[in-house]
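The values are calculated or read from the model by the stated rules, or taken from the named source; none is laboratory data. As the structure is a prediction and not an experimental result, all values here were calculated from the model. Here Cβ is always computed from backbone atoms with ideal geometry, including for glycine, and neighbour counts include all displayed protein chains. Keep in mind that these areas ignore ligands, DNA and RNA; they rest on the heavy atoms of the full protein, side chains included. Shrake-Rupley method; radii C 1.70, N 1.55, O 1.52, S 1.80 Å.
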Amino acid sequence: MSISGATRVAGVVGRPISHSMSPILHNAWLAAAGMDGVYVPFSVQPGRFTAFVDSLRGGTVSGLNVTLPFKGEALALADEATFRARTADAANVLVFREDGTILADNTDGLGMLRAFAEQAPGFDPKAGPVVILGAGGGSRGAAAAFVEAGCRDVRIVNRTLTKAQDIAEPLGAAAFALNEAAKAFDGAVAVVNATSAGLSGSPALDLPLEATPPSAVIMDMVYKPLKTPLLAQAEGLGRQTVDGLAMLIGQAVPSFEAFYGQTPPESVDVRALALKALGL
Ligand code: NDP
């Protein structure tokens with residue numbers, strides 16, 4: 001890669017950031033497209049996030065992806081925000097305009113829908129109820145995306161019921177406690193795990209997946225491990241599955257378009273690169 005005076009710079013900010021897969025994806029796309037651009041990781045001290053972002057206003061960088069723990073702060077400091085970001089109450093994308101203003105977006109939900117389109121092509125979010133497990137930022141993004149995609153029956157299931165209710169109420173969705181999961185699964189066309197349960201080293205949720213219809217698609221946002229206990233359970237029941245890596249790549253596509261002004265090239269297999277980085 002050669003850096004010129006005209007190189008377009010974007011990146012990802014978070015803490016910790018060294019584990020981020022985003023630089024691998026974006027730089028592979030830039031190289032494959034032969035573009036004069038670079039994508040760099042920024043590790044920012046908690047308490048320094050707003051000062052860092054403000055210093056970049058006016059087009060110093062074209063954009064930033066934002067990851068933990070700054071997604072809420074990113075939304076708060078932006079001058080404008082998309083419906084998706086406002087509904088998710090978090091931003092994973094900041095676009096820097098020449099006039100010094102910043103637009104916040106949230107492409108996590110879009111990434112989730114792209115993952116369904118890729119790995120469960122027959123899935124239609126308008127065809128019936130969808131269940132989202134968890135009530136954090138990932139769940140909010142997913143709920144907003146399903147509502148935007150025309151799903152009329154979104155069901156949020158969470159350990160802490162009040163947090164599920166907080167998300168459900170403004171969206172016209174329904175909230176369930178974890179011990180009511182079987183009720184929420186009844187008739188569902190999809191179940192999405194947006195809890196951090198099942199992450200490498202943490203115990204998986206014990207869920208009555210058999211209460212879903214045989215045609216239900218089961219997705220897990222967690223991608224370490226790639227085949228989570230939930231996805232293994234779903235496969236055992238013969239359900240179609242969608243993994244979290246497809247979502248990670250799916251959310252990166254609209255970010256790349258916002259930062260570099262073109263669609264990422266299909267000539268490079270970024271999933272293979274990501275699997276290699278995960279040691280798979
Ligand atoms: P948050 O920390 O904001 O929320 C975590 C949620 O998980 C909470 O609702 C919490 O419940 C629930 N939870 C955690 N542990 C348990 C447990 N043992 N039993 C039951 N519920 C539990 O996380 P995010 O929403 O930001 O992310 C959720 C997951 O999705 C993470 O693993 C993250 O890495 C992944 N993710 C993946 C993306 C991708 O591109 N693939 C994008 C975004 C997220 P409670 O409210 O009761 O505390």
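Key figures for this structure:
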read-out	value
Looking only at the range 176-197, and only at residues there that are under 14 Å from Gly136 (Cβ atoms) and open to solvent by less than 40 Å² (accessible area, probe 1.4 Å), the one that is nearest to the chain's Cα centre (by Cα)	Ala194
Hey, Asp105 among the acidic types (Asp, Glu) and at positive phi or not	no
Lone unmet requirement of (1) farther than 18 Å from Glu118 by Cβ; (2) touching a helix residue (DSSP H, G or I) at 6+ places or on another chain (Cβ under 9 Å) for Gly201	(2)
Criterion (within 24 Å of Val147 (Cα to Cα), surrounded by 14 or more Cβ atoms within 10 Å (Cβ to Cβ) and within 16 Å of the ligand (Cβ to nearest atom)) met by exactly one of Thr82, Thr87	Thr87
Where a residue in the range 151-164 is assigned by TED's automatic domain parsing to the domain that holds Gly187 and surrounded by 17 or more Cβ atoms within 10 Å (Cβ to Cβ) and its partner, wherever it lies, is among the aromatic types (Phe, Trp, Tyr) and part of a helix (DSSP H, G or I), with Cβ under 9 Å and at least six apart	Val154/Phe146; Arg155/Phe185; Val157/Phe185
Residue within the range 91-103 that is within 9 Å of the ligand (Cβ to nearest atom) and not assigned by TED's automatic domain parsing to the domain that holds Leu68 present	no
Options Thr87, Thr162: the member that is touching a Pro at 6+ places or on another chain (Cβ under 9 Å), in a helix (DSSP H, G or I) and among the β-branched types (Val, Ile, Thr)	Thr87
Residue in the range 249-263 that is surrounded by fewer than 16 Cβ atoms within 10 Å (Cβ to Cβ), modelled with pLDDT of 95 or more and out of contact with any Ser or Thr (no Cβ under 9 Å at 6 or more places or on another chain) present	yes
Residue among Phe52, Phe42 that is open to solvent by 20 Å² or more (accessible area, probe 1.4 Å) and assigned to a helix (DSSP H, G or I)	Phe52
Selection count where residues are in a strand (DSSP E or B) and touching a residue at least 40 places away in the same chain (Cβ under 8 Å), scope the range 55-84	4
Residue match in the range 237-252 (condition: under 30 Å from Gly59 (Cα atoms) and of a type in the set (S, T, N, Q))	yes
Where Glu210 falls short, out of the listed (1) assigned by TED's automatic domain parsing to the domain that holds Gly138; (2) under 18 Å from the mean Cα position of the chain (by Cα)	(2)
Positions within the range 91-146 being hydrophobic (A, V, I, L, M, F, W, C), out of contact with any Gly (no Cβ under 6 Å at 6 or more places or on another chain) and open to solvent by 20 Å² or more (accessible area, probe 1.4 Å), in sequence order	Leu103, Leu110, Leu113, Ala117, Phe123, Ala127
